[in-house]
Structures are given as C-alpha cells and as structure tokens.
C-alpha cells in the first residue's frame, strides 16, 4: 500500500510533506500528518475517550469497593448493568445506524438524529417501566433485585437519559466530531466520582446507582445544543453535494439484523453481573466487577478504532478494506500490548480494590485479557459486515457467542466459580476467530474496485 504521508491510508498526504529536521521534528511532523487524516484523528479521539472514561470508571469502583460493603457494591453494579441492558435493547441499535449512515447523510442528517432520539427514548420508558414493575411486584423485599416504587421511577428516567447520552456519542462519531465525546465523558467521570464521595457521607439508599446516573441528565442539554446548532449544520453543508441516504427498507433491514445481534451481545455483557448474582451471589458479582470493567474498556478500545473505520469506510466504500488494514496495525500496537500489560499486572491492579478482589478475580482478568487476541478477528468481521450492510450474519454470530458463553458459564460455575466466565469467554473467542479468520483475511487482501452494495 502506497502511503506518501506518514501512516496515511490510500496514499493521502498530510499537511506537511517536507523532510523533517531532526528526530523530534520528524516525529512531530509525522504525528501532525497522521492527525490530519479523519480516520486516525477520530479513532484516537475515541480511544482517548475510552481511556478517560475507563480510568474514571476504575477510580469510581475502587472508591465504591473501599467505601461500601461487597453486597451493596454488587447490587449497585447489577442495577447499573440492568439499566444499561434495558437501554441498549430499547435503543433498537440506532447508535450503529447513526455511525453507519450519518457520514453521508447530507440534508437528512438532522432528521435521522431526531428520529433516533424520539423512538429510543419512548421505547426506553416502556421497557424500563416493565422491568421495574417486575422487580417491584414480583420480587421479594429481601431479594437483591427488589426495588421500591420511588427507585423504580428514577430507574425509568435514568434509562431514557442513558439512551440519549449514548446516542449523542454515536451522533458525534458519525459526524466526525469525536473529540467532543472526550470532553463530555471527562466531565461526566469527574462529576460522577464527586457525587459518589458525597452520597457515601449520607444514608441515601442505592447511592451507587444514583451517583452513576444523576450527572447524565445534566449533560444532555449542553451537548445536544452543540450537536444541533453547530456540528449538524456544518456536516449537512459538507455532505449535501454527495449525500447518500438509505431508503427506509435498507435502514430497517440494517437495524433489524444489527439489533438482533446486539440483543445477544448484551446477554454476554450487561446481563452477566445479573447472572453471576443469581448463580454465585452478590459477593461474587462484586469480585466480577473490576475484571469486567477492564475487559469492557479493552473491548471499547477496539470498538472505538473500528467505529472510525465504519465512518470513513461509509464515506469511501471502495477503499474500506485499505482503511481496515491501516486500522489493524494500530490495534496491534495499542490494544494488544495493553492487554498483555494488564494481564501481567492483574494482581497489582486488583489489589487496589482489596485483597479479596485480588484473590478471587486475578485469573479471571488474565483469561479475559488473553481473549482480546482472537477478539480482533471477530471485531474486524463485524466491521466488514456492517460496511457491506450484511447485518443478518452478525445476528447469527452474536447468538452463537451468547449461547456458548452463557451456557459455558452456567455449566462451569459449580466447579470453577467465577473463573468459569473467563474460560468460557476465551474458548468462544478462539472458536469464532478460527471460523471467521479466512473471510477477514480475504477482505483485507482483496483490492475492491467497486463500493459495497447499499
């Protein structure tokens, strides 16, 4: 692949092609040239957002683990995860649709964002209300998932707000303005941590959940003003001459397949703490928390990079596979070495939460970090399928992943305890990588002259 500009895909040249003067000057010019390419700029912004968000998340749960007892941390984690699960399921996967179709949305961009907000918020209210009705009326008061009527109402509001919070991030990604996401989640992380400190000094029940959700509502207004008054008008003007708006049938088919897959995907992430509470109790769910938090962060790093790939591949479909090869190199020098470091540092990292966390979750974290290597193949396959608007296979893939992973956890929880989660996840990722690897390699090596079918 010819790359006249340092690290630029498709032969694009950065703003300065002059020969660098000195080692430092050369590195500065190379960095400036790389950041001038939207593919890399947005990928690094999304990666930085993941690091910032995950860093605050780790601090948050470390403080929670040191301040609250394990049962309360386990319940808080389960309720937050339940909210995220309901939110994701009721977003109908509009977030992925915004990332896929906003890049060439033109004059239809604002309408697509408004439709995503309205439908997702409405469905979130309905879905969260049903879940809270179940937890309030059909769970015994001593059950870890029982909620009062007042908390149930707050859960409904929080779920709708969380849906909009995530959709505005997807919109900013699709609009190639990912740096704003870093600011948004940085502010959220600080406020969330401060609120946790405050509620720890009070007798407020479910303080973990409240401190997690309250800042979201405050941040919705300023960042949506930014989107609708500044970012969207500029994007509309830029993309209107070459806009490509999917018809309703294409959009519905894309969302239906991707949404179905997302349902199964969430069964292996947001639902996992709920499953562990049920199988092993709230204390083990608390021990799951730090390992799962780190694992989700590393997965988000991969997803961040490939989200930028989806955006740029949607704008220039004929060169999507070349962008993918460039992105793969950056995964190899960022995500994978990071996984190795975290696996080696697992005991030290978990000791920050307490000795009990280190003793119960070290091997789990190591297994999850090892699974990041085969996960690269799976992530690239999913990206390829989205760019080709082939979301049906994604549903099948994630169904198989959910069945094997959750089934393995249930089957192995008795003899292995919490480590059953790690062994099941690693085995599933290895199996899927072996099956999907040949197709991903063909995509990376094929010089496609025509854009993918719409």
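The values are calculated or read from the model by the stated rules, or taken from the named source; none is laboratory data. Since the model is a prediction, treat every value here as computed from it, not as a measurement. Cβ coordinates were reconstructed from backbone atoms using ideal geometry, including for glycine residues, and neighbour counts include every protein chain displayed.
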Note to self: So, residue 164, is that one part of a helix (DSSP H, G or I), more than 24 Å from residue 390 (Cα to Cα) and more than 21 Å from the chain's Cα centre (by Cα) or not?
What the structure shows: no
Notebook entry, point to check: On the given criteria, is residue 434 more than 22 Å from residue 289 (Cβ to Cβ) and surrounded by fewer than 17 Cβ atoms within 10 Å (Cβ to Cβ)?
Noted result: yes
Next item on the list: Report yes if residue 357 is at pLDDT below 90 and outside any helix (DSSP H, G or I), otherwise no.
Entry: no
Checklist line | Candidate set: the stretch 16-51, residues that are surrounded by fewer than 19 Cβ atoms within 10 Å (Cβ to Cβ) and closer than 30 Å to residue 285 by Cα; chosen: the one modelled with the lowest pLDDT | finding: 51
Margin query: I'd like the full set of residues that are more than 11 Å from residue 206 (Cα to Cα) and not in a helix (DSSP H, G or I), limited to the stretch 64-79.
Written below: 69
Margin query: Among the residues that make up the stretch 378-385, is at least one of them surrounded by fewer than 22 Cβ atoms within 10 Å (Cβ to Cβ) and not in a helix (DSSP H, G or I)?
Written below: no
Item checked: Residues located in the stretch 141-156, provided they are under 23 Å from residue 73 (Cβ atoms) and surrounded by fewer than 16 Cβ atoms within 10 Å (Cβ to Cβ) -> 141, 142, 143, 146, 148, 150
Checklist line | Among (1) modelled with pLDDT under 90; (2) surrounded by fewer than 16 Cβ atoms within 10 Å (Cβ to Cβ); (3) assigned to a helix (DSSP H, G or I) - the single one residue 205 does not satisfy | finding: (3)
Notebook entry, point to check: Which ones in the stretch 329-354 are surrounded by fewer than 18 Cβ atoms within 10 Å (Cβ to Cβ) and either more than 22 Å from residue 58 (Cβ to Cβ) or touching a strand residue (DSSP E or B) at 6+ places or on another chain (Cβ under 7 Å) (or both)?
Noted result: 329, 332, 333
Note to self: Among (1) touching a residue at least 24 places away in the same chain (Cβ under 8 Å); (2) assigned to a helix (DSSP H, G or I); (3) over 23 Å from the mean Cα position of the chain (by Cα); (4) closer than 21 Å to residue 110 by Cβ, there is one condition residue 246 misses while meeting the rest; what is its number?
What the structure shows: (2)
Margin query: without any contact (Cβ under 8 Å) to a residue 24 or more places away in the chain and either crowded, with 18+ Cβ neighbours inside 10 Å or under 22 Å from residue 73 (Cβ atoms) (or both): is that true of residue 195 in this structure?
Written below: yes
Next item on the list: Name the residue, out of 239, 260, 268, that is in contact (Cβ under 8 Å) with a residue 40 or more places away in the chain and surrounded by fewer than 19 Cβ atoms within 10 Å (Cβ to Cβ).
Entry: 260
Notebook entry, point to check: Can you pull out the residues in the stretch 249-269 that are modelled with pLDDT of 85 or more and under 15 Å from the mean Cα position of the chain (by Cα)?
Noted result: 258, 259, 261
Next item on the list: Answer yes if at least one residue in the stretch 42-56 is in contact (Cβ under 8 Å) with a residue 40 or more places away in the chain, at negative phi and not in a helix (DSSP H, G or I), and no otherwise.
Entry: no
Next item on the list: Give the residue, chosen from 374, 393, that is closer than 22 Å to residue 332 by Cα and in contact with a helix residue (DSSP H, G or I) (Cβ under 9 Å, 6 or more places away or on another chain).
Entry: 374
